[in-house]
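Participant: Mind having a look at this structure? Questions to follow.
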């Protein structure tokens, strides 16, 4: 079994290899919990949506002043949320709708948030086995482990202007419109070092749980 070196950040983001930097230690901690978010939004004049039977893509366009940066850092009113347990709590109710918008959804209410890229960042990789039978597992910045395979595909998007690849792994929800983690640079470089051509031909890629995932355009 091999594994990549974990990031040295706090776990909420600060992807050093991608140019991120830790937020100031004195930054506001954010609301204490989901109830605190509701109170803050009501205080700001936005009436909470309390219809629990409606999906996140229905009803009024409510919003929380929350943004997830490309390096995985969560911001509340422009300041980093420094409490990892709070960020983990919010992440459990994070959803994505058919339009690609992100929401925090509870049985009582929902609120739209901003996500710059993917909501999670893969900061560590572990490999068990070899060849087609190997399993590649990834740890996110919020300490979730996901193993690439039929239910958790890896994809690589290429910027049409710069040609720079951005690799992702599906974390949860419907494939194609669920939640993904972007592989940070050290993890992607390690993955690229393992890449082989499928059956000696075609694009290079990796195997995990019997599935071949290309890492470059065909």
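Participant: Determine the pairs where a residue that is under 23 Å from residue 81 (Cα atoms), located within the range 123-141, has a partner that is modelled with pLDDT of 95 or more and surrounded by fewer than 15 Cβ atoms within 10 Å (Cβ to Cβ) with Cβ atoms under 7 Å apart, the partner being 6 or more residues away or on another chain.
Facilitator: 139/145
Participant: Here is a check on your reading of the model: is residue 126 assigned to a strand (DSSP E or B) and farther than 23 Å from residue 216 by Cα?
Facilitator: So residue 126 fails the test.
Participant: For the range 73-100, give me each residue that is part of a loop (DSSP other than H, G, I, E, B) and either out of contact with any strand residue (DSSP E or B) (no Cβ under 9 Å at 6 or more places or on another chain) or under 18 Å from residue 112 (Cβ atoms) (or both).
Facilitator: 77, 78, 81, 82, 83, 93, 97, 98, 99, 100
Participant: Give me a count of the residues in the range 68-92 that are surrounded by fewer than 16 Cβ atoms within 10 Å (Cβ to Cβ) and closer than 21 Å to residue 168 by Cβ.
Facilitator: Residues that pass the stated criteria total 2.
Participant: Could you check, for the range 154-171, whether at least one of its residues is more than 18 Å from residue 215 (Cβ to Cβ), surrounded by 15 or more Cβ atoms within 10 Å (Cβ to Cβ) and in contact (Cβ under 8 Å) with a residue 40 or more places away in the chain?
Facilitator: So far as the range 154-171 goes, yes, one or more of its residues are more than 18 Å from residue 215 (Cβ to Cβ), surrounded by 15 or more Cβ atoms within 10 Å (Cβ to Cβ) and in contact (Cβ under 8 Å) with a residue 40 or more places away in the chain.
The values are calculated or read from the model by the stated rules, or taken from the named source; none is laboratory data. A quick note: this is a predicted structure, and the numbers were derived from the prediction, not measured. Cβ atoms come from the backbone with ideal geometry, glycine included; neighbour counts cover every protein chain shown.
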